[in-house]
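Each value in this text was obtained by applying a stated rule to the coordinates, not by laboratory testing. Note that the structure is predicted; figures quoted are calculated from it, not measured. Positions of Cβ are backbone-derived with ideal geometry, glycine not excepted, and every protein chain shown enters the neighbour counts.
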Amino acid sequence: MEMESEMERGAQSKQNLISENNGGLGCCGWILVIISAFFSILIFPITIFISIKIVKEYERAVIFRLGRITARKAKGPGIFFILPCTDSFVKVDLRTVSFDIPPQEILTKDSVTVSVDGVVYFRVSDPVASVANVSNADYSTRLLAQTTLRNVLGTKNLAEVLSDREGISHSMQMSLDEATDSWGIKVERVEIKDVKLPQQLQRAMAAEAEAAREARAKVIAAEGEMNASRALKEASLVIAESPSALQLRYLQTLNTIAAEKNSTIIFPLPMDVMSHFMKK
């Protein structure tokens, strides 16, 4: 509903601007226009250089006649004519313009101060509205982008600011596009460039991540020890059922030691014999 109301307000502002133009130039205005046209024809070789104007493919001209916009649609591209004394025009560039949003100190929803900057791409969609409805469309859009960035990020917590940049960019684009619709500006794209955190917060997050990695490593090591203990338990049960398996294991160990050119020889002793000496 809010979006529809914003669009209706933008459409009403444009209609009000055009309705003001329907009042006509008046009797004195038409007299001045006729006099200007007469003198333009009278000194035609001189006024031809003043009357003929050219705008490029990506430009449009909004013509004012005695302070009033002459038509609902801007002129161009190509050649058009103006009356030397009564007409003036303003060129409007229709190409996409980009600008950087300066770094903004923003307090997030969870009371963390971050510095965020971005970039905005916009273009003029309605030359008449961009000239008549706002004093400086480019400068006004830049200021509005800064305030919109602070307002949007103020409703997000730190985790959302760091992870959901695409969603934040889309929200900013929608807000800017709605606000600048009455200015004849179309916001095409908004991107978040960088999020800078305070040094203390960076160190705290690094320590938290390191502690989490150490905890996971200890859990994995404990699981490995548990699995190894279970395997040893199962092996001991198998060896206890077959005493000859222990002798084979002893011979295999001697073979492994001999392969490494080691002169050390291990003689296993039964635990019963050792327990007999330990009792004494």
* Structure fact -> Place a point 7 Å from the Cα of Phe44 in the direction of its beta carbon; the residues of region 78-117 whose amide N falls under 17 Å from it are 81-84
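What does the charge count around Val161 come to, taking other residues whose C-beta lies under 15 Å from its C-beta (Lys +1, Arg +1, Asp -1, Glu -1)? Each step should come with its number before you reach the end.
Details: positive: Lys109, Arg150, Lys156, Arg165, Lys193, Lys196; negative: Glu105, Asp110, Asp117, Glu160, Asp164, Glu166, Glu191, Asp194.
That sum, taken over residues with Cβ under 15 Å, equals -2.
Kirkwood Rh over Cα pairs of region 153-210 into Stokes-Einstein at 25 °C, 0.890 mPa s: D in µm²/s?
Values: Rh = 13.4 Å.
So the translational diffusion coefficient is about 183 µm²/s.
Mind ranking 138-148, 174-184, 106-116 by how tightly packed they are, going by the mean number of other C-beta atoms within 10 angstrom, highest first? Before the final figure, lay out the partial values.
Numbers: 138-148: 16.8, 174-184: 20.1, 106-116: 15.0.
Peptide ranking by packing, descending: 174-184, 138-148, 106-116.
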* Asked: Which whole-Hz ³J(HN,Hα) couplings does region 216-223 yield from phi under the Karplus relation 6.51 cos²θ - 1.76 cosθ + 1.60, θ = phi - 60°, glycine and proline marked x?
  -> 5, 5, 5, 5, 5, 5, 5, 5
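How large is the dipole of region 53-171 about the Cα centre if only Lys and Arg carry +1 and Asp and Glu carry -1, each at its Cβ, rounded to the nearest 20 debye? Working shown, then result.
On the way: 16 positive and 13 negative charges, 165 e Å.
Dipole about the Cα centre, nearest 20: 800 debye.
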* Structure fact -> Taking 0.36 nm per residue of separation between Arg68 and Ser51 and subtracting their Cα-Cα distance, the length gained on full extension comes to 4.3 nm
* Residue-wise, which Karplus ³J(HN,Hα) couplings in Hz belong to region 83-99, taking 6.51 cos²θ - 1.76 cosθ + 1.60, θ = phi - 60°, and x for glycine or proline? -> 7, x, 9, 9, 10, 9, 9, 10, 7, 10, 8, 8, 6, 5, 10, 10, 8
* **Amide proton proximity set for Gln104, modelled H, under 5 Å, gap of 5+** => Val116, Asp117
* Structure fact -> Diffing region 47-58: the Karplus 3J(HN,Hα) column from phi (6.51, -1.76, 1.60, θ = phi - 60°), in whole Hz with x for Gly and Pro, holds 6, 4, 6, 8, 7, 7, 10, 10, 10, 7, 4, 9
